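Q: Please read through the structure below; I'll follow up with questions.
The values are calculated or read from the model by the stated rules, or taken from the named source; none is laboratory data. Given the structure is predicted, the values throughout are model-derived calculations rather than measurements. Glycine also receives a Cβ, built like all others from the backbone with ideal geometry; neighbour counts cover every protein chain displayed.
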Amino acid sequence: MSQRRYGAMVAYANILLKNLISFMYIPILLKFVGGNQYGLYQMTSSAVGMLSLLSLGMSASYVRFFWQAKRRDGDEGVGRINSAYLSFFLLISVVCLAAGGVLTNNVEILFQKNFSESEIETTKMLMVILSVNVAVTLLSSVFDSYIIANEKYLVEQLRVLFSTLLQPVFSIILLIGGGDIVAVATVQLLVTLIFIFWNMIYAVSRLKMKFKFTNIRNLVETGKNILPFSGVILINQIIDLVNNNFSTLLVGNMLGPMSVAVFAIANQLKGLFYQLTFTISRLYVSKVHQMISFDATDGDLTNLMIKIGRIQLYLLVSAFGLFVVLGQSFIEFWAGKDYGEAYWLVVLMMTSLLVPLSQNIGLEIQKAKNLHRFRIILMCFSTLFNLFASIIFIKKFGVLGAGIGFSISTVVVNVVVINIYNHKVVGLDMFKYWRKVSNVILGPGIAILLTVGFNCLFGGNSILKVMIDVILYGTLTLLIHWIFSCDENERKIITSSLNGLLNKAILRDKGVENCE
(Lines give C-alpha, C1' and ligand atoms only; values in the text may rest on other atoms or scores of the structure.)
Protein backbone atom coordinates (compact mmCIF):
# COMPACT_ATOMS: atom_id res chain seq x y z
CA MET A 1 0.00 0.00 0.00
CA SER A 2 1.37 3.45 -0.97
CA GLN A 3 2.46 6.20 1.41
CA ARG A 4 -0.46 8.25 0.07
CA ARG A 5 -3.04 5.60 1.00
CA TYR A 6 -1.47 4.92 4.40
CA GLY A 7 -1.23 8.66 4.94
CA ALA A 8 -4.90 9.11 4.07
CA MET A 9 -5.94 6.36 6.48
CA VAL A 10 -3.92 7.84 9.34
CA ALA A 11 -5.07 11.34 8.40
CA TYR A 12 -8.74 10.43 8.76
CA ALA A 13 -8.05 8.49 11.93
CA ASN A 14 -6.29 11.63 13.11
CA ILE A 15 -9.25 13.83 12.19
CA LEU A 16 -11.63 11.50 14.04
CA LEU A 17 -9.41 11.33 17.12
CA LYS A 18 -8.58 15.03 17.04
CA ASN A 19 -12.21 16.04 16.95
CA LEU A 20 -13.34 13.50 19.51
CA ILE A 21 -10.66 14.91 21.81
CA SER A 22 -11.65 18.45 20.89
CA PHE A 23 -15.33 17.83 21.61
CA MET A 24 -14.38 16.53 25.05
CA TYR A 25 -11.56 19.02 25.64
CA ILE A 26 -13.31 22.30 24.84
CA PRO A 27 -16.15 21.82 27.39
CA ILE A 28 -13.49 20.92 29.99
CA LEU A 29 -11.53 24.02 29.02
CA LEU A 30 -14.65 26.18 29.22
CA LYS A 31 -15.46 24.70 32.64
CA PHE A 32 -11.98 25.38 34.05
CA VAL A 33 -11.21 28.79 32.52
CA GLY A 34 -14.67 30.16 31.59
CA GLY A 35 -16.02 31.69 28.40
CA ASN A 36 -14.12 34.96 28.79
CA GLN A 37 -10.65 33.40 29.09
CA TYR A 38 -11.43 30.96 26.28
CA GLY A 39 -12.51 33.93 24.16
CA LEU A 40 -9.24 35.71 25.01
CA TYR A 41 -7.26 32.65 23.93
CA GLN A 42 -9.10 32.34 20.62
CA MET A 43 -8.88 36.05 19.88
CA THR A 44 -5.15 36.16 20.71
CA SER A 45 -4.55 33.07 18.57
CA SER A 46 -6.28 34.82 15.68
CA ALA A 47 -4.21 37.98 16.11
CA VAL A 48 -0.88 36.17 16.53
CA GLY A 49 -1.78 33.78 13.72
CA MET A 50 -1.43 36.70 11.35
CA LEU A 51 2.32 36.67 12.08
CA SER A 52 2.52 33.56 9.91
CA LEU A 53 2.17 35.99 7.01
CA LEU A 54 5.83 36.79 7.58
CA SER A 55 6.63 33.50 5.86
CA LEU A 56 5.91 35.48 2.67
CA GLY A 57 4.17 32.46 1.15
CA MET A 58 7.47 30.59 0.85
CA SER A 59 6.33 27.49 2.70
CA ALA A 60 3.49 26.95 0.22
CA SER A 61 5.85 27.47 -2.74
CA TYR A 62 8.54 25.01 -1.61
CA VAL A 63 7.13 21.96 -3.40
CA ARG A 64 7.10 23.78 -6.75
CA PHE A 65 10.76 24.81 -6.51
CA PHE A 66 11.75 21.42 -5.09
CA TRP A 67 10.49 19.65 -8.23
CA GLN A 68 11.92 22.26 -10.58
CA ALA A 69 15.35 21.93 -8.94
CA LYS A 70 15.07 18.13 -8.85
CA ARG A 71 14.35 17.96 -12.58
CA ARG A 72 16.98 20.55 -13.58
CA ASP A 73 19.93 19.97 -11.21
CA GLY A 74 19.18 16.81 -9.24
CA ASP A 75 20.06 16.51 -5.53
CA GLU A 76 22.58 19.35 -5.70
CA GLY A 77 19.88 21.76 -6.84
CA VAL A 78 17.57 20.57 -4.07
CA GLY A 79 20.38 21.20 -1.55
CA ARG A 80 20.66 24.81 -2.71
CA ILE A 81 16.89 25.27 -2.41
CA ASN A 82 16.95 23.78 1.11
CA SER A 83 19.74 26.14 2.18
CA ALA A 84 17.98 29.17 0.76
CA TYR A 85 14.70 28.32 2.46
CA LEU A 86 16.38 27.62 5.81
CA SER A 87 18.21 30.98 5.65
CA PHE A 88 15.02 32.83 4.80
CA PHE A 89 13.04 31.17 7.59
CA LEU A 90 15.74 31.91 10.19
CA LEU A 91 15.45 35.59 9.32
CA ILE A 92 11.66 35.46 9.26
CA SER A 93 11.51 33.83 12.71
CA VAL A 94 13.56 36.67 14.19
CA VAL A 95 11.27 39.24 12.57
CA CYS A 96 8.25 37.31 13.89
CA LEU A 97 9.52 37.60 17.47
CA ALA A 98 10.01 41.34 17.02
CA ALA A 99 6.51 41.76 15.57
CA GLY A 100 5.08 39.74 18.47
CA GLY A 101 6.77 42.16 20.85
CA VAL A 102 5.13 45.10 19.09
CA LEU A 103 1.70 43.45 19.34
CA THR A 104 2.22 42.72 23.04
CA ASN A 105 3.16 46.32 23.80
CA ASN A 106 0.03 47.61 22.06
CA VAL A 107 -2.61 45.30 23.52
CA GLU A 108 -4.20 48.18 25.46
CA ILE A 109 -4.72 50.18 22.27
CA LEU A 110 -6.33 47.23 20.47
CA PHE A 111 -8.68 45.92 23.16
CA GLN A 112 -9.00 48.43 26.02
CA LYS A 113 -12.61 49.26 25.10
CA ASN A 114 -14.20 45.95 26.19
CA PHE A 115 -11.51 44.30 28.36
CA SER A 116 -10.71 44.61 32.06
CA GLU A 117 -7.16 45.17 33.37
CA SER A 118 -6.73 41.49 34.28
CA GLU A 119 -7.92 40.45 30.81
CA ILE A 120 -5.41 42.85 29.25
CA GLU A 121 -2.57 41.30 31.30
CA THR A 122 -3.65 37.77 30.36
CA THR A 123 -3.77 38.78 26.70
CA LYS A 124 -0.22 40.13 26.92
CA MET A 125 1.12 36.86 28.33
CA LEU A 126 -0.73 34.88 25.68
CA MET A 127 0.70 37.16 22.98
CA VAL A 128 4.28 36.46 24.08
CA ILE A 129 3.87 32.67 24.28
CA LEU A 130 1.93 32.30 21.05
CA SER A 131 4.32 34.62 19.16
CA VAL A 132 7.23 32.36 20.12
CA ASN A 133 5.12 29.38 19.03
CA VAL A 134 4.58 30.90 15.57
CA ALA A 135 8.29 31.77 15.26
CA VAL A 136 9.49 28.23 15.95
CA THR A 137 6.76 26.79 13.71
CA LEU A 138 8.02 28.96 10.85
CA LEU A 139 11.55 27.68 11.42
CA SER A 140 10.28 24.11 11.09
CA SER A 141 8.51 24.82 7.80
CA VAL A 142 11.42 23.89 5.53
CA PHE A 143 11.71 20.43 7.13
CA ASP A 144 7.95 19.85 7.02
CA SER A 145 7.83 20.94 3.36
CA TYR A 146 10.70 18.60 2.47
CA ILE A 147 8.85 15.67 4.04
CA ILE A 148 5.70 16.52 2.04
CA ALA A 149 7.66 16.98 -1.21
CA ASN A 150 9.05 13.47 -0.71
CA GLU A 151 5.47 12.24 -0.18
CA LYS A 152 6.13 10.78 3.28
CA TYR A 153 2.55 11.40 4.32
CA LEU A 154 2.41 8.65 6.91
CA VAL A 155 5.23 10.23 8.92
CA GLU A 156 3.65 13.66 8.68
CA GLN A 157 0.27 12.40 9.85
CA LEU A 158 1.77 10.40 12.73
CA ARG A 159 3.44 13.60 13.93
CA VAL A 160 0.08 15.38 13.83
CA LEU A 161 -1.56 12.46 15.63
CA PHE A 162 0.90 12.46 18.53
CA SER A 163 0.69 16.25 18.79
CA THR A 164 -3.10 15.98 18.92
CA LEU A 165 -2.87 13.55 21.82
CA LEU A 166 -0.18 15.26 23.89
CA GLN A 167 -1.46 18.83 23.96
CA PRO A 168 -4.90 18.29 25.57
CA VAL A 169 -3.60 15.61 27.96
CA PHE A 170 -0.88 17.86 29.39
CA SER A 171 -3.22 20.88 29.40
CA ILE A 172 -5.89 19.05 31.41
CA ILE A 173 -3.28 17.89 33.93
CA LEU A 174 -2.19 21.50 34.45
CA LEU A 175 -5.79 22.75 34.64
CA ILE A 176 -6.63 20.17 37.31
CA GLY A 177 -3.54 21.34 39.19
CA GLY A 178 -4.80 24.93 39.17
CA GLY A 179 -3.40 26.20 35.86
CA ASP A 180 -5.12 28.83 33.74
CA ILE A 181 -5.34 29.64 30.02
CA VAL A 182 -1.70 30.81 30.04
CA ALA A 183 -0.67 27.29 31.09
CA VAL A 184 -2.62 25.90 28.13
CA ALA A 185 -0.71 28.18 25.75
CA THR A 186 2.59 27.12 27.34
CA VAL A 187 1.77 23.46 26.71
CA GLN A 188 1.03 24.31 23.08
CA LEU A 189 4.51 25.86 22.74
CA LEU A 190 6.27 22.90 24.37
CA VAL A 191 4.49 20.38 22.14
CA THR A 192 5.42 22.46 19.09
CA LEU A 193 9.10 22.37 20.11
CA ILE A 194 9.04 18.60 20.59
CA PHE A 195 7.73 17.99 17.09
CA ILE A 196 10.03 20.51 15.47
CA PHE A 197 12.86 18.22 16.56
CA TRP A 198 10.85 15.27 15.20
CA ASN A 199 10.73 16.98 11.77
CA MET A 200 14.40 17.91 11.78
CA ILE A 201 15.67 14.48 12.83
CA TYR A 202 13.49 12.59 10.34
CA ALA A 203 14.25 14.88 7.39
CA VAL A 204 18.01 14.92 7.94
CA SER A 205 18.67 11.37 9.18
CA ARG A 206 16.05 9.29 7.33
CA LEU A 207 15.41 11.30 4.15
CA LYS A 208 19.04 12.46 3.88
CA MET A 209 18.04 16.11 3.53
CA LYS A 210 21.08 18.04 2.29
CA PHE A 211 22.02 21.70 2.52
CA LYS A 212 24.37 23.39 0.07
CA PHE A 213 25.08 26.87 1.39
CA THR A 214 26.45 29.36 -1.11
CA ASN A 215 27.51 33.00 -0.95
CA ILE A 216 25.14 35.90 -0.34
CA ARG A 217 24.99 36.78 -4.04
CA ASN A 218 23.68 33.32 -4.98
CA LEU A 219 21.25 33.44 -2.07
CA VAL A 220 19.88 36.76 -3.33
CA GLU A 221 19.56 35.33 -6.86
CA THR A 222 17.64 32.33 -5.52
CA GLY A 223 15.43 34.69 -3.54
CA LYS A 224 14.66 36.67 -6.70
CA ASN A 225 13.27 33.49 -8.26
CA ILE A 226 11.32 32.42 -5.19
CA LEU A 227 9.89 35.70 -3.90
CA PRO A 228 7.78 36.79 -6.93
CA PHE A 229 5.94 33.45 -6.94
CA SER A 230 5.77 33.30 -3.14
CA GLY A 231 4.59 36.91 -2.99
CA VAL A 232 1.42 36.02 -4.85
CA ILE A 233 0.82 33.15 -2.44
CA LEU A 234 1.46 35.60 0.43
CA ILE A 235 -1.35 37.82 -0.79
CA ASN A 236 -3.58 34.75 -0.92
CA GLN A 237 -2.60 33.88 2.66
CA ILE A 238 -3.32 37.44 3.78
CA ILE A 239 -6.77 37.20 2.25
CA ASP A 240 -7.43 33.81 3.86
CA LEU A 241 -6.26 35.08 7.25
CA VAL A 242 -8.38 38.20 6.99
CA ASN A 243 -11.44 36.17 5.99
CA ASN A 244 -10.87 33.57 8.72
CA ASN A 245 -9.48 35.70 11.56
CA PHE A 246 -10.46 39.32 11.14
CA SER A 247 -14.11 38.54 11.75
CA THR A 248 -13.07 37.18 15.16
CA LEU A 249 -11.28 40.45 15.93
CA LEU A 250 -14.29 42.46 14.76
CA VAL A 251 -16.63 40.43 16.98
CA GLY A 252 -14.25 40.91 19.93
CA ASN A 253 -13.95 44.64 19.36
CA MET A 254 -17.66 45.25 18.73
CA LEU A 255 -19.38 42.68 20.96
CA GLY A 256 -16.89 41.44 23.60
CA PRO A 257 -15.25 38.16 24.70
CA MET A 258 -18.42 36.07 25.12
CA SER A 259 -19.47 36.67 21.51
CA VAL A 260 -15.92 35.75 20.46
CA ALA A 261 -16.41 32.43 22.26
CA VAL A 262 -19.64 31.79 20.30
CA PHE A 263 -17.91 32.66 17.03
CA ALA A 264 -14.93 30.50 18.02
CA ILE A 265 -17.23 27.50 18.56
CA ALA A 266 -18.64 28.04 15.05
CA ASN A 267 -15.14 28.30 13.59
CA GLN A 268 -14.13 25.15 15.46
CA LEU A 269 -16.96 23.24 13.83
CA LYS A 270 -16.35 24.85 10.45
CA GLY A 271 -12.75 23.70 10.75
CA LEU A 272 -13.93 20.08 10.72
CA PHE A 273 -15.16 20.51 7.17
CA TYR A 274 -11.87 22.11 6.13
CA GLN A 275 -10.04 19.12 7.57
CA LEU A 276 -12.17 16.65 5.61
CA THR A 277 -11.14 18.13 2.27
CA PHE A 278 -7.65 19.51 2.86
CA THR A 279 -6.54 16.14 4.19
CA ILE A 280 -7.14 14.63 0.75
CA SER A 281 -5.88 17.52 -1.39
CA ARG A 282 -2.72 17.86 0.74
CA LEU A 283 -1.81 14.29 -0.20
CA TYR A 284 -1.81 15.29 -3.88
CA VAL A 285 0.05 18.63 -3.72
CA SER A 286 3.41 17.09 -4.57
CA LYS A 287 1.82 14.93 -7.30
CA VAL A 288 0.24 17.98 -8.98
CA HIS A 289 3.55 19.88 -9.10
CA GLN A 290 5.36 16.76 -10.28
CA MET A 291 2.80 16.19 -13.07
CA ILE A 292 3.07 19.76 -14.33
CA SER A 293 6.88 19.80 -14.03
CA PHE A 294 6.90 16.70 -16.27
CA ASP A 295 4.39 18.12 -18.81
CA ALA A 296 1.08 16.45 -17.89
CA THR A 297 -1.86 17.33 -20.16
CA ASP A 298 -4.90 19.40 -19.13
CA GLY A 299 -6.98 16.25 -19.56
CA ASP A 300 -4.82 14.43 -17.02
CA LEU A 301 -5.22 17.31 -14.56
CA THR A 302 -9.00 17.47 -15.12
CA ASN A 303 -9.31 13.74 -14.44
CA LEU A 304 -7.28 14.12 -11.23
CA MET A 305 -9.52 17.00 -10.11
CA ILE A 306 -12.64 14.90 -10.86
CA LYS A 307 -11.28 11.96 -8.88
CA ILE A 308 -10.48 14.11 -5.84
CA GLY A 309 -13.54 16.35 -6.25
CA ARG A 310 -16.01 13.44 -6.11
CA ILE A 311 -14.52 12.21 -2.85
CA GLN A 312 -14.33 15.67 -1.31
CA LEU A 313 -17.82 16.82 -2.28
CA TYR A 314 -19.43 13.58 -1.11
CA LEU A 315 -17.66 13.72 2.25
CA LEU A 316 -18.49 17.41 2.68
CA VAL A 317 -22.19 17.20 1.81
CA SER A 318 -22.63 14.02 3.87
CA ALA A 319 -20.98 15.57 6.94
CA PHE A 320 -22.86 18.85 6.44
CA GLY A 321 -26.18 17.02 6.20
CA LEU A 322 -25.51 15.19 9.46
CA PHE A 323 -24.72 18.55 11.07
CA VAL A 324 -27.95 20.09 9.73
CA VAL A 325 -29.92 17.21 11.26
CA LEU A 326 -28.19 17.03 14.67
CA GLY A 327 -26.05 20.16 14.99
CA GLN A 328 -28.38 22.33 17.07
CA SER A 329 -28.87 19.69 19.76
CA PHE A 330 -25.19 18.75 19.64
CA ILE A 331 -23.93 22.31 20.25
CA GLU A 332 -26.32 22.87 23.15
CA PHE A 333 -25.29 19.56 24.71
CA TRP A 334 -21.57 20.01 23.97
CA ALA A 335 -20.92 23.68 24.72
CA GLY A 336 -24.15 24.82 26.39
CA LYS A 337 -27.31 26.70 25.43
CA ASP A 338 -25.43 30.02 25.51
CA TYR A 339 -23.63 28.94 22.33
CA GLY A 340 -26.72 28.00 20.27
CA GLU A 341 -26.14 30.77 17.71
CA ALA A 342 -23.01 28.92 16.59
CA TYR A 343 -25.29 26.40 14.78
CA TRP A 344 -26.70 29.00 12.41
CA LEU A 345 -23.26 30.50 11.85
CA VAL A 346 -21.93 27.10 10.76
CA VAL A 347 -24.93 26.41 8.49
CA LEU A 348 -24.60 29.86 6.91
CA MET A 349 -20.86 29.71 6.28
CA MET A 350 -20.67 26.06 5.26
CA THR A 351 -23.48 26.34 2.70
CA SER A 352 -21.30 28.81 0.81
CA LEU A 353 -18.13 26.72 1.25
CA LEU A 354 -19.30 23.32 0.00
CA VAL A 355 -18.23 23.90 -3.61
CA PRO A 356 -14.95 25.80 -2.98
CA LEU A 357 -13.72 23.26 -0.43
CA SER A 358 -14.49 20.37 -2.77
CA GLN A 359 -12.39 22.06 -5.48
CA ASN A 360 -9.32 23.09 -3.49
CA ILE A 361 -7.04 20.88 -5.62
CA GLY A 362 -7.87 23.33 -8.41
CA LEU A 363 -5.99 26.04 -6.53
CA GLU A 364 -2.92 23.79 -6.38
CA ILE A 365 -3.17 23.32 -10.14
CA GLN A 366 -3.36 27.10 -10.56
CA LYS A 367 -0.26 27.52 -8.39
CA ALA A 368 1.68 24.82 -10.22
CA LYS A 369 0.85 26.52 -13.54
CA ASN A 370 1.62 29.96 -12.06
CA LEU A 371 -1.92 31.07 -12.94
CA HIS A 372 -3.17 31.99 -9.47
CA ARG A 373 -2.70 35.78 -9.71
CA PHE A 374 -6.20 36.45 -11.03
CA ARG A 375 -7.76 34.63 -8.10
CA ILE A 376 -5.68 36.72 -5.71
CA ILE A 377 -6.83 40.00 -7.26
CA LEU A 378 -10.42 38.78 -7.19
CA MET A 379 -10.13 37.72 -3.57
CA CYS A 380 -8.81 41.17 -2.60
CA PHE A 381 -12.08 42.76 -3.71
CA SER A 382 -14.02 39.94 -2.08
CA THR A 383 -12.22 40.50 1.22
CA LEU A 384 -12.87 44.24 1.22
CA PHE A 385 -16.55 43.56 0.64
CA ASN A 386 -16.52 40.96 3.41
CA LEU A 387 -14.96 43.38 5.92
CA PHE A 388 -17.30 46.29 5.25
CA ALA A 389 -20.34 44.00 5.07
CA SER A 390 -19.38 42.27 8.33
CA ILE A 391 -19.17 45.59 10.20
CA ILE A 392 -22.65 46.52 8.97
CA PHE A 393 -24.19 43.10 9.59
CA ILE A 394 -22.59 42.66 13.05
CA LYS A 395 -24.17 45.96 14.12
CA LYS A 396 -27.54 44.78 12.84
CA PHE A 397 -27.57 41.03 13.58
CA GLY A 398 -24.92 40.60 16.27
CA VAL A 399 -22.56 37.64 16.00
CA LEU A 400 -24.59 36.10 13.14
CA GLY A 401 -23.69 39.11 11.01
CA ALA A 402 -20.06 37.99 10.95
CA GLY A 403 -21.01 35.10 8.65
CA ILE A 404 -23.28 36.93 6.20
CA GLY A 405 -20.73 39.01 4.27
CA PHE A 406 -18.36 36.04 4.23
CA SER A 407 -21.01 33.79 2.69
CA ILE A 408 -22.09 36.24 0.00
CA SER A 409 -18.55 36.96 -1.17
CA THR A 410 -17.62 33.26 -1.10
CA VAL A 411 -20.48 32.24 -3.40
CA VAL A 412 -19.84 34.99 -5.95
CA VAL A 413 -16.05 34.65 -6.11
CA ASN A 414 -15.18 31.06 -5.22
CA VAL A 415 -18.16 29.34 -6.78
CA VAL A 416 -19.15 31.33 -9.85
CA VAL A 417 -16.11 33.28 -11.02
CA ILE A 418 -13.40 30.73 -10.13
CA ASN A 419 -15.22 27.92 -11.97
CA ILE A 420 -15.35 30.10 -15.09
CA TYR A 421 -11.66 30.99 -14.70
CA ASN A 422 -10.61 27.36 -14.25
CA HIS A 423 -12.42 26.47 -17.46
CA LYS A 424 -11.42 29.43 -19.65
CA VAL A 425 -7.84 30.10 -18.50
CA VAL A 426 -6.42 27.23 -16.41
CA GLY A 427 -7.48 24.66 -19.01
CA LEU A 428 -9.58 22.44 -16.75
CA ASP A 429 -12.76 21.09 -18.36
CA MET A 430 -15.25 22.27 -15.75
CA PHE A 431 -18.26 21.11 -17.79
CA LYS A 432 -16.85 17.59 -17.68
CA TYR A 433 -16.00 18.10 -13.99
CA TRP A 434 -19.57 18.94 -13.03
CA ARG A 435 -21.04 16.19 -15.24
CA LYS A 436 -18.90 13.66 -13.38
CA VAL A 437 -19.10 15.15 -9.88
CA SER A 438 -22.54 16.72 -9.30
CA ASN A 439 -24.44 13.44 -8.84
CA VAL A 440 -22.64 12.72 -5.54
CA ILE A 441 -24.88 15.37 -3.94
CA LEU A 442 -27.96 13.23 -4.59
CA GLY A 443 -27.62 10.77 -1.70
CA PRO A 444 -26.90 13.26 1.10
CA GLY A 445 -29.40 15.78 -0.34
CA ILE A 446 -32.34 13.36 -0.33
CA ALA A 447 -31.27 11.97 3.06
CA ILE A 448 -31.27 15.48 4.58
CA LEU A 449 -34.81 16.19 3.33
CA LEU A 450 -36.21 12.86 4.51
CA THR A 451 -34.51 12.96 7.92
CA VAL A 452 -35.55 16.57 8.57
CA GLY A 453 -39.09 15.63 7.51
CA PHE A 454 -38.99 12.69 9.92
CA ASN A 455 -37.91 15.08 12.70
CA CYS A 456 -40.80 17.42 11.93
CA LEU A 457 -43.26 14.54 12.29
CA PHE A 458 -41.66 12.97 15.36
CA GLY A 459 -40.04 15.55 17.63
CA GLY A 460 -37.91 14.98 20.69
CA ASN A 461 -34.25 14.96 21.72
CA SER A 462 -33.85 11.59 23.43
CA ILE A 463 -30.76 9.45 22.88
CA LEU A 464 -32.93 6.88 21.07
CA LYS A 465 -34.24 9.60 18.73
CA VAL A 466 -30.69 10.76 17.94
CA MET A 467 -29.62 7.18 17.20
CA ILE A 468 -32.60 6.72 14.88
CA ASP A 469 -31.72 9.97 13.08
CA VAL A 470 -28.10 8.89 12.59
CA ILE A 471 -29.06 5.41 11.35
CA LEU A 472 -31.78 6.78 9.03
CA TYR A 473 -29.57 9.51 7.59
CA GLY A 474 -26.51 7.27 7.21
CA THR A 475 -28.44 4.41 5.60
CA LEU A 476 -30.23 6.67 3.11
CA THR A 477 -27.01 8.49 2.20
CA LEU A 478 -25.02 5.31 1.54
CA LEU A 479 -27.84 3.44 -0.20
CA ILE A 480 -28.79 6.24 -2.59
CA HIS A 481 -25.13 6.96 -3.33
CA TRP A 482 -24.43 3.29 -4.13
CA ILE A 483 -27.46 2.94 -6.42
CA PHE A 484 -27.44 6.28 -8.24
CA SER A 485 -24.06 8.01 -7.81
CA CYS A 486 -21.17 5.52 -7.58
CA ASP A 487 -19.20 5.09 -10.80
CA GLU A 488 -17.76 1.75 -11.89
CA ASN A 489 -14.28 2.43 -10.52
CA GLU A 490 -15.62 3.47 -7.10
CA ARG A 491 -17.77 0.33 -6.91
CA LYS A 492 -14.70 -1.80 -7.67
CA ILE A 493 -12.62 -0.05 -5.00
CA ILE A 494 -15.36 -0.37 -2.36
CA THR A 495 -16.10 -4.00 -3.26
CA SER A 496 -12.43 -5.03 -3.27
CA SER A 497 -11.82 -3.24 0.04
CA LEU A 498 -14.81 -4.96 1.68
CA ASN A 499 -13.76 -8.33 0.25
CA GLY A 500 -10.24 -7.79 1.57
CA LEU A 501 -11.53 -7.02 5.06
CA LEU A 502 -13.88 -10.02 4.92
CA ASN A 503 -11.09 -12.37 3.80
CA LYS A 504 -8.81 -11.12 6.58
CA ALA A 505 -11.57 -11.72 9.13
CA ILE A 506 -12.15 -15.26 7.82
CA LEU A 507 -8.42 -16.06 7.89
CA ARG A 508 -8.15 -14.68 11.41
CA ASP A 509 -11.08 -16.81 12.58
CA LYS A 510 -9.54 -19.91 10.98
CA GLY A 511 -6.26 -19.16 12.71
CA VAL A 512 -8.02 -18.95 16.06
CA GLU A 513 -9.81 -22.27 15.40
CA ASN A 514 -6.52 -23.96 14.46
CA CYS A 515 -4.90 -22.71 17.65
CA GLU A 516 -7.74 -24.19 19.63
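Q: I want to confirm something. Restricting to region 336-385 and keeping residues that are touching a Gly at 6+ places or on another chain (Cβ under 6 Å) and within 30 Å of Gly34 (Cβ to Cβ), which single residue is surrounded by the fewest Cβ atoms within 10 Å (Cβ to Cβ)?
A: Filtering region 336-385 for residues that are touching a Gly at 6+ places or on another chain (Cβ under 6 Å) and within 30 Å of Gly34 (Cβ to Cβ), the one surrounded by the fewest Cβ atoms within 10 Å (Cβ to Cβ) comes out as Leu348.
Q: Let me ask another. Yes or no: region 208-228 includes at least one residue that is at negative phi, under 22 Å from the mean Cα position of the chain (by Cα) and of a type in the set (Phe, Trp, Tyr). Spell out how you get there, then give the answer.
A: So in region 208-228, the residues at negative phi come out as 209-228.
If we keep only those that are under 22 Å from the mean Cα position of the chain (by Cα) as well, we get none.
There is no residue in region 208-228 that is at negative phi, under 22 Å from the mean Cα position of the chain (by Cα) and of a type in the set (Phe, Trp, Tyr).
Q: I'm trying to understand the selection: among the residues of region 297-314, which are out of contact with any Pro (no Cβ under 8 Å at 6 or more places or on another chain) and either within 30 Å of Tyr339 (Cβ to Cβ) or at pLDDT below 85 (or both)? Steps first, please.
A: Our first condition is that a residue be out of contact with any Pro (no Cβ under 8 Å at 6 or more places or on another chain); within region 297-314, this holds for 297-313.
Correct list: Gln312, Leu313.
Q: Here are some residues: Val415, Val425, Val452. Which one is of a type in the set (Val, Ile, Thr) and modelled with pLDDT under 90? Lay out the reasoning, then the answer.
A: On the way: Val415 fails: modelled with pLDDT under 90; Val425 fails: modelled with pLDDT under 90.
Result: Val452 is the single residue among Val415, Val425, Val452 that is of a type in the set (Val, Ile, Thr) and modelled with pLDDT under 90.
Q: Output the residues belonging to region 409-440 that are buried (at least 20 other Cβ atoms within 10 Å of the Cβ) and under 26 Å from Trp482 (Cβ atoms).
A: Matches in region 409-440: Tyr433, Val437, Val440.
Q: Residue by residue through region 266-278, note down the ones that are under 27 Å from Val425 (Cα atoms) and crowded, with 21+ Cβ neighbours inside 10 Å. Before you say what the answer is, go through the steps one by one.
A: Within region 266-278, the first condition is being under 27 Å from Val425 (Cα atoms), and the residues that meet it are 274, 277-278.
Matches in region 266-278: Thr277 only.
Matching residues to (1) assigned by TED's automatic domain parsing to the domain that holds Tyr41; (2) surrounded by fewer than 18 Cβ atoms within 10 Å (Cβ to Cβ); (3) not polar (S, T, N, Q):
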site: Leu190; (1), (2), (3): yes, yes, yes
site: Asn199; (1), (2), (3): yes, no, no
site: Tyr202; (1), (2), (3): yes, no, yes
site: Ser205; (1), (2), (3): yes, yes, no
site: Lys208; (1), (2), (3): yes, yes, yes
site: Asn218; (1), (2), (3): no, yes, no
site: Thr222; (1), (2), (3): no, no, no
site: Ile233; (1), (2), (3): no, no, yes
site: Gln237; (1), (2), (3): no, no, no
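Q: Under the condition of being free of Cβ contacts under 8 Å to residues at least 12 places away in the same chain and among the hydrophobic types (A, V, I, L, M, F, W, C), which residue from region 205-243 is nearest to Arg375 (Cα to Cα)?
A: Once the filter is applied, the top-ranked residue is Val220.
Q: Restricting the first residue to region 295-322 and requiring it to be closer than 15 Å to Val426 by Cα, which pairs with a second residue that is of a type in the set (Gly, Ala, Ser) and not in a helix (DSSP H, G or I) meet a Cβ separation below 6 Å and a spacing of at least six or different chains?
A: Asp298/Gly427
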